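Novice: For reference, the structure I am asking about is given below.
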Amino acid sequence: MKNLLFITILISCITAASEKSINDTWCLKNGGVTEHRTAYGTYVDCLTDDFAIETEYDYNWKESIGQSLHYAEATNKTAGILLINRSESRVDYLAQLSAVINKYDLQIKVFVTNQ
């Protein structure tokens, strides 16, 4: 049981580091600032002149909607999501995310990058 817990934590750390690395690289290329602290004490993954962006792996797209809207409200910017497509994904998560954004007319700009 301890080994399983250790492996789970290790995988989580590796994934988080990769997501952060992808975010940092993308944000820098797009003139943004990473880890901008809001008045609420939350941290925007990437803040540009126009967008407050939440970066997430494709399978976590559902979480990215709420966070991006919160960051947008907290910074008075447009909500953005940087969706990281994983090569092993067998599901079209971008289509699912786009369907929700379109159905509810959410003001969220989606950016896509590959892992």
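Novice: Students sometimes get this wrong: rank K109, K29, K62 by accessible area, probe 1.4 Å, all chains present, largest first.
Specialist: From most exposed to least exposed: K29, K62, K109.
Novice: Something else: From Cα pairs below 8 angstrom and at least 6 apart in sequence, can you work out the relative contact order of the chain, rounded to a whole percent?
Specialist: On the way: 169 pairs, mean separation 22.2, N = 115.
Taking the mean separation of contacting Cα pairs over the length of the chain, I get 19 percent.
Novice: Given the options S87, S64, S98, state which has the largest fluctuation in a GNM of the chain using a 10 Å cut-off (strictly under) for Cα springs.
Specialist: S87
Novice: Now for a different question. How far apart, in nm, are two points set 7 Å out from the Cα along the Cα-to-Cβ line at N30 and at Q107?
Specialist: So the label points at N30 and Q107 sit 1.8 nm apart.
Novice: Of N85, L47, A72, which is farthest along the charge dipole of the chain in the positive direction, counting Lys and Arg as +1 and Asp and Glu as -1 at C-beta?
Specialist: N85
Novice: To continue, here is another question. Have a look at L97, L47, L28 and tell me which one the Gaussian network model of the chain (Cα, springs below 10 Å) gives the largest fluctuation.
Specialist: Highest fluctuation of the listed residues: L28.
Novice: Select from the chain the helices, each a whole stretch of DSSP H, whose alpha-carbon atoms run 30 Å or more along the helix axis and whose Kyte-Doolittle mean is at least 0.5; answer none if there are none. All intermediate terms of the calculation are to be shown ahead of the outcome.
Specialist: Details: long enough: 2-29 (41 Å, 0.64).
Sorted by number, the helices that extend far enough and score high enough are 2-29.
Novice: Which lysines have a Cα less than 17 Å from the Cα of K20, not counting those fewer than 8 places away in the same chain?
Specialist: Answer for K20, where 17 Å is the Cα cut-off: K29, listed by chain and number.
Novice: Before I look further, what does the chain give for accessible area per residue, probe 1.4 Å, in whole square angstrom?
Specialist: Details: 7190 Å² over 115 residues.
Result: 63 Å² of accessible area for each residue.
Novice: Additional query: Among G32, G80, G41, which one moves the most in a GNM of the chain with springs linking Cα atoms closer than 10 Å?
Specialist: Of G32, G80, G41, the most mobile in the Gaussian network model is G41.
Novice: For K77, give me every one of the aspartates and glutamates with a C-alpha distance below 16 angstrom, ignoring sequence neighbours fewer than eight places off in its own chain.
Specialist: Excluding near neighbours in sequence, the set is E35, D45, D49, D50, E54.
Novice: If I ignore ligands, DNA and RNA and count only protein heavy atoms, how much of Y43 is accessible to a 1.4 Å probe, in Å² to the nearest 10?
Specialist: 100
Novice: In whole percent, and with a 1.4 Å probe on the protein chains, what portion of the accessible area of the chain is carbon and sulfur?
Specialist: Values: 3990 of 7190 Å².
For the chain, the apolar C and S fraction of the accessible surface comes to 55 percent.
The values are calculated or read from the model by the stated rules, or taken from the named source; none is laboratory data. On a predicted model such as this, the values are computed, not experimentally measured, just so you know. Using ideal geometry, Cβ is built from the backbone for each residue, glycine included, and neighbour counts are taken over all protein chains shown. These area figures cover heavy atoms from the full protein model, side chains too; ligands, DNA and RNA do not enter into them. Shrake-Rupley method; radii C 1.70, N 1.55, O 1.52, S 1.80 Å.
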